[in-house]
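Q: Here it is: the structure, laid out below.
The values are calculated or read from the model by the stated rules, or taken from the named source; none is laboratory data. Since the model is a prediction, treat every value here as computed from it, not as a measurement. Glycine also receives a Cβ, built like all others from the backbone with ideal geometry; neighbour counts cover every protein chain displayed.
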Amino acid sequence: MHNSINYRIAERVRQFVIIFYPPFKRLCSEQFFIYGVCGATNTLFSWILYWFLYNFVLQKENLDLGIIVFKPHIAAFFIQFAITFVSGFWLNRYVSFSTSSLKKRVQVPRYLSVVTACVLVNYWGLKLFVEILGIYPTPSQMLNTLITTAFSFFAQKHFAFKTK
């Protein structure tokens, strides 16, 4: 199983990421660093993909599926989310948490539930920080990102991709 192309590619990705780890040794574990780099990479990919889909695939036009019409910014989001869900899962399964003993059929719904929980944590965090505590939106989102990243890491490590 660990000789598959996915594991071989992931091992090369992991080796490359580890090159940049030494300055961060005192701040976080190697696994958390790899997780953070993978998450940041997938986020950057999602931004580029969204821009490309919105501007060039959808050409800023509505997406008419016959029974429902999506505005271009919403259609781009849904398409981008579907793609980056898969790339994020791959990075988590094969790069960040490759020692997980769970089967993929167990990991996928668990990963989806953690992603969904992160969206909710982000939403409620912004409501709390901006609307209740009166903190400006941008610093609120930055703080929220730190909270959500920590929550996501521990949820992925101990639930979606746990080891026995």
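Q: Right, Ser87: in the same structural domain as Asn6 (by TED's automatic domain parsing), closer than 19 Å to Asn42 by Cα and among the small types (Gly, Ala, Ser) or not?
A: Yes, satisfied.
For every residue, the table says whether it meets (1) in contact with a Leu (Cβ under 8 Å, 6 or more places away or on another chain); (2) hydrophobic (A, V, I, L, M, F, W, C).
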{"site": "Val115", "(1), (2)": "no, yes"}
{"site": "Phe129", "(1), (2)": "yes, yes"}
{"site": "Gly134", "(1), (2)": "no, no"}
{"site": "Thr138", "(1), (2)": "no, no"}
{"site": "Met142", "(1), (2)": "no, yes"}
{"site": "Lys157", "(1), (2)": "no, no"}
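Q: Here's something else I'd like to know. Can you find a residue that is among the β-branched types (Val, Ile, Thr), surrounded by 15 or more Cβ atoms within 10 Å (Cβ to Cβ), under 14 Å from the mean Cα position of the chain (by Cα) and not assigned by TED's automatic domain parsing to the domain that holds Phe32 anywhere in the range 96-114?
A: Scanning the range 96-114 turns up at least one residue that is among the β-branched types (Val, Ile, Thr), surrounded by 15 or more Cβ atoms within 10 Å (Cβ to Cβ), under 14 Å from the mean Cα position of the chain (by Cα) and not assigned by TED's automatic domain parsing to the domain that holds Phe32.
Q: Could you tell me how many of the residues in the range 52-61 are more than 19 Å from the chain's Cα centre (by Cα) and of a type in the set (A, V, I, L, M)?
A: Of the residues in the range 52-61, 2 are more than 19 Å from the chain's Cα centre (by Cα) and of a type in the set (A, V, I, L, M).
Q: Turning to a different aspect of this structure: Kindly provide the set of residues from the range 93-109 that are in a helix (DSSP H, G or I), over 14 Å from Gln31 (Cβ atoms) and not hydrophobic (A, V, I, L, M, F, W, C), ordered by number.
A: Result: Lys104, Arg105, Gln107, Pro109.
Q: Can you tell me which condition Gly134 does not meet? The list is (1) in a helix (DSSP H, G or I); (2) surrounded by fewer than 14 Cβ atoms within 10 Å (Cβ to Cβ); (3) among the small types (Gly, Ala, Ser), and all the others hold.
A: (1)
Q: Could you check the range 55-83 and list, in sequence order, the residues that are surrounded by fewer than 18 Cβ atoms within 10 Å (Cβ to Cβ) and assigned to a helix (DSSP H, G or I)?
A: Asn55, Phe56, Val57, Pro72, His73, Ile74, Phe77, Phe78, Phe81, Ala82, Ile83
Q: Same structure, new question: Name the residues in the range 80-136 that are within 22 Å of Arg8 (Cα to Cα), among the charged types (D, E, K, R) and in contact (Cβ under 8 Å) with a residue 12 or more places away in the chain, would you?
A: Matches in the range 80-136: Arg93 only.
Q: Which ones in the range 16-51 are exposed (fewer than 14 other Cβ atoms within 10 Å of the Cβ), assigned to a helix (DSSP H, G or I) and more than 20 Å from the chain's Cα centre (by Cα)?
A: Pro22, Pro23
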